[in-house]
Amino acid sequence: MKVRTVGYFFKQAFKSMWRNGWMGVAAVTTVAITLLIVGIFTLLVINADFIATDLESDVEIIAYMDVEASRSEVLEVEEQIQAIRGVTEVKLVTKEEGLEILNKKFGQDYDLLSSLGGVNPLPDLYRVKADSPENVEPVAKTLERVAHVDKVDYGQDVIDKLFAVIRWVRLIGAGLVLLLGLGAIFLVATTIRLTVFARRKEIQIMKYIGATDWFIRWPFFIEGMVLGFIGAMLAGVVLYFTYDFLVTNIRFSLTFIPLISDMGLIMKILGSLLVAGTFVGALGSLISVRRFLQV
Amino acid sequence: MIQLLNVSKIYPNKVQALNDLTVKIDRGEFVFLVGPSGAGKSTFIKLLIREELPTKGQILVGGKSILRLRKSEVAKLRRNIGIVFQDFRLLTDRTVFENVAFAMEVLEHSKKEIRARVPSVLEMVGLDGKGEYFPHQLSGGEQQRVAIARAIVNGPRLLIADEPTGNLDPETSWEIMELLNDINRRGTTVLMATHARSIVNKMRKRVIALEQGRVVRDEEEGGYGYES
């Protein structure tokens, strides 16, 4: 195949895109919307995963002691807790320290104790760390049976819920993407079919003159791929700027939500969208070219 | 040039278009293919350009069998055959020049080659200076000349004309015949399917008459031979 032939293919492809006009716009828009949703769900899932892992690696079990238990009784169980299998770190936070922490949260000049009537209502507590996320639950269960322990609290149920949500997001995302993807392929196929139809006379003449099948097919193929590529570009641009806006704004207003701001990863996602868009376009035109271009 | 050996063609709808046909056409010949509608003329042409395959028999073009060809070889075969139709089949949104140039573009000739070759072919078919016209600005005869120019621009060794004068008045038909004769004299084999009695009778060329898929007559310097 010669270089000028490639030029000829592109010229033909763009010519018929121009001629198809609104049909092409519809195809591009569908591809763009599909890929935008793919992108949104991908970012949603990887961010949720990221947040969940972040929380998971930092799971802390808190054992609240009886408010009535004396300091010496509290200190007695520390060794016992240390001996539980899977425990790596035990730290006592006395009721005085707890109050101090609260005080700090409310502001320096605020005297919490006096507004509570001089009685510290907080219990002593142990902050316990497990060596791995899987050990969090067994450790917590054992802690509940330790003397003077009133209540055990850990974040596992929150994390379990988060993972359940992620699972659903994935499922819904996959379903939505599948449906929209089929729609996009169908619209590209329809657009290409219109092109084939508009040029059927030309195609027939080409066949009689002795053009090879691929010489006839390439312009349609390119048209489909360009439609898909443009759609992907649109989706990519919208996605990039929206996400960029979210990251910069959330970082200041919602500091406790850690969003991924790794540009390398974002670029990888955008690159995949471009590949996916071109692929959808190629697939759409392949279907039409096969069915309506019996060369 | 062309050899059909015991060729039969039965279409899927059970219609027998050709029945044990044996025909030989030599290089440089001018041959009329005549016969009533449904005699098998169209099928004959379709077999030669590999649009259809025979049910039985062998077909040789240029000494080679064309029965088992890959798709790319079919394209190659067609590059050696020019075809002209009754209804011209021009691209109406392109100029005369572009219509002829199209045939060269499809075979990946360079712009330079196209610019050099197309005007000389247009001159040869008598369309000198009409390159920038669109088909609808031309008469029927002129449009057929464009189609002929497109068919011969790549220098095929065989020119097939399927009722090329069917849509033209007698006088214009004669001009087209003179052009085809001219092309034949330059060395291209011409095969023309036709119903035009007066043309066949006057040209005194070889006539192959088909009826119900068989050759009923094959004579040098023949006439149309049907009363109707």
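The values are calculated or read from the model by the stated rules, or taken from the named source; none is laboratory data. All of these numbers come straight from a predicted model, not from anything done at the bench. Reconstructed Cβ throughout: ideal geometry from the backbone, glycine too, with neighbour counts over all protein chains shown. To get the accessible areas, we keep the full protein, side chains included, count just its heavy atoms, and leave off ligands, DNA and RNA. Shrake-Rupley method; radii C 1.70, N 1.55, O 1.52, S 1.80 Å.
The alpha-carbon positions of segment A:60-154 define a convex hull whose volume is 94 Å³ per residue. Fully extending the segment from B:V216 to B:E175, taken as 0.36 nm per residue of separation minus the present Cα-Cα distance, adds 11.8 nm. With respect to chain B, whose longest principal axis is taken over its alpha-carbon atoms, helix B:111-124 is tilted by about 70°. Which of A:G173, A:G155, A:G21 moves the most in a Gaussian network model of chain A with Cα springs under 10 Å? Highest fluctuation among the options: A:G21. Under Stokes-Einstein, with the Kirkwood radius over Cα pairs as Rh, the value for segment B:73-182 at 4 °C and 1.567 mPa s is 93 µm²/s.
Diffusion of segment A:81-122 by Stokes-Einstein, at 4 °C in a medium of 1.567 mPa s and with Rh set to the Kirkwood radius over alpha-carbon pairs, works out to 107 µm²/s. Global size of chain B: 17.6, 52 Å for Rg and Dmax (C-alpha atoms, Rg to one decimal, Dmax whole).
In terms of its Cα atoms, segment B:188-228 spans 28, 23, 16 Å along the principal axes, sorted from long to short. Taking 0.36 nm per residue of separation and subtracting the current Cα-Cα distance, fully stretching the chain between A:L44 and A:F245 would add 70.9 nm. A cut-off of 5 Å between modelled amide H atoms, ignoring neighbours fewer than 5 places along the same chain, links B:R217 with B:A209. Rounded to the nearest 20, the size of the Cβ-charge dipole of segment A:60-154 about its Cα centre is 160 debye, with Lys and Arg at +1 and Asp and Glu at -1. Atom-type composition of the exposed protein surface of segment A:60-154 places 49 percent of the accessible area on carbon and sulfur (1.4 angstrom probe). Counting every C-alpha pair in the protein assembly as shown, the share spaced more than 29 angstrom apart comes to 68%. Across peptide B:100-109, the mean count of Cβ atoms from other chains lying within 10 Å of each residue's own Cβ comes to 5.
Sparse packing (at most 16 other Cβ atoms within 10 Å of the Cβ) combined with a DSSP loop state is found for the following trypsin sites (Lys or Arg not before Pro) in segment B:1-78: B:K14, B:R27, B:R68, B:R70. Excluding ligands, DNA and RNA, the accessible surface per residue across the protein assembly as shown is 53 Å² with a 1.4 Å probe.
Using every pair of distinct Cα positions in segment A:145-200, the Kirkwood expression returns a hydrodynamic radius of 15.9 angstrom. Karplus-based coupling profile of segment A:67-78, in residue order and whole Hz: 5, 7, 5, 7, 4, 5, 5, 5, 5, 4, 7, 4, with θ = phi - 60° in 6.51 cos²θ - 1.76 cosθ + 1.60 and x standing for Gly or Pro. What distance in nm separates the simple spin-label points at B:D26 and A:L113, each placed 7 Å from Cα in the Cβ direction? Going by the 7 Å Cα→Cβ label model, 12.8 nm. For chain A, modelled as a GNM whose springs connect Cα atoms under 10 angstrom apart, the maximal fluctuation among A:S272, A:S261, A:S72 occurs at A:S72.
Rounded, prolate or oblate, given the Cα gyration tensor of segment B:21-130, with a/c below 1.5 counting as rounded? It comes out prolate by the Cα gyration axes. Histogrammed with a bin width of 10 Å, the alpha carbon distances of segment B:141-219 distribute as 16, 52, 28, 4 percent, first bin at zero. Of all beta bridges that DSSP places with both ends in the protein assembly as shown, some 65 percent have antiparallel geometry. Taking one quarter of the surface of the C-alpha convex hull of segment A:171-276 gives a mean projected area of 9.1 nm². Quote the Stokes-Einstein diffusion coefficient, in whole µm² s⁻¹, for chain A, based on the Kirkwood radius over alpha carbon pairs, a temperature of 20 °C and a viscosity of 1.002 mPa s. The estimated diffusion coefficient comes to 88 µm²/s. Modelled spin labels at A:K141 and A:R4, positioned 7 Å past Cα toward Cβ, are 8.0 nm from each other.
When Rg and Dmax are taken over the Cα atoms of segment B:2-78, they come to 12.4, 36 Å.
Buried surface for the B/A pair, taken as the accessible area of each chain alone minus that of the pair with a 1.4 Å probe, is close to 2000 Å² in total. Among the trypsin sites (Lys or Arg not before Pro) found in segment A:110-195, those both in a DSSP coil and sparsely packed, with 16 or fewer other Cβ atoms within 10 Å of their Cβ, are A:R145.
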